[in-house]
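The values are calculated or read from the model by the stated rules, or taken from the named source; none is laboratory data. As the structure is a computational prediction, the values presented were derived from the model and not from experiment. A quick note on method: Cβ atoms are made from the backbone with ideal geometry, for glycine too, and the neighbour counts reach across all protein chains shown. These area figures cover heavy atoms from the full protein model, side chains too; ligands, DNA and RNA do not enter into them. Shrake-Rupley method; radii C 1.70, N 1.55, O 1.52, S 1.80 Å.
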Amino acid sequence: YDPDNIFAKILRGDIPCNKVFENELVLAFHDIAPKAPVHVIIIPKKPYVSFIDFSKNATPGEIAALMQSTGHIAAELNLTEAGYRIITNAGQNAGQEVPHFHLHLLGGKALPPFPV
Ligand code: 5GP
């Protein structure tokens, strides 16, 4: 885990973010380069690099918090009816840019056919 990655800096408050949601275990903020009208990044506060790292090493409470927060945010942003997409990129083949595990929540328009 690289503690100098951009999301670690956001978590430390070293750089700002446009916050959508926060609790003890989870932070969510608008993507700086949105690919849809709604594009929110949802991250665990603990330092996990990728989906596999998170799924292997996070506590059940951390995993539940991330899932429940993501559902809560999607509903709060009024995506329930029209729909939305949740993705995660892991590693080189997926083009993961920031090595702190995160979910992308996308919506607000008809999204292009998967994959986006
Ligand atoms: P990845 O390719 O790692 O799945 O996605 C990283 C995402 O982080 C990209 O969609 C990119 O636009 C976003 N991002 C990169 N730097 C920043 C930043 O400083 N602030 C915010 N809010 N988003 C960022």
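Of everything in the stretch 1-13 that's open to solvent by 60 Å² or more (accessible area, probe 1.4 Å) and within 12 Å of the ligand (Cβ to nearest atom), which residue is farthest from the chain's Cα centre (by Cα)? Taking the candidates together, the pick is K9.
Contact map, the stretch 9-35: residues that are in a loop (DSSP other than H, G, I, E, B) paired with residues that are of a type in the set (F, W, Y), Cβ distance under 6 Å, separation 6+ or inter-chain. Pairs shown: C17/F29; N18/F29.
Is the stretch 83-90 home to any residue that is in contact with a helix residue (DSSP H, G or I) (Cβ under 9 Å, 6 or more places away or on another chain) and among the small types (G, A, S)? Checking the stretch 83-90: at least one residue is in contact with a helix residue (DSSP H, G or I) (Cβ under 9 Å, 6 or more places away or on another chain) and among the small types (G, A, S). The criterion of being without any contact (Cβ under 8 Å) to a residue 24 or more places away in the chain and surrounded by fewer than 16 Cβ atoms within 10 Å (Cβ to Cβ) does not hold for K109. Just name the residue that is farthest from the ligand (Cβ to nearest atom) out of those in the stretch 60-116 that are among the β-branched types (V, I, T) and within 14 Å of the chain's Cα centre (by Cα). Going through the qualifying residues, I end up with I63. P16 fulfils the conditions (1) within 13 Å of the ligand (Cβ to nearest atom); (2) under 22 Å from L111 (Cβ atoms); (3) open to solvent by 40 Å² or more (accessible area, probe 1.4 Å) except for a single criterion, (2).
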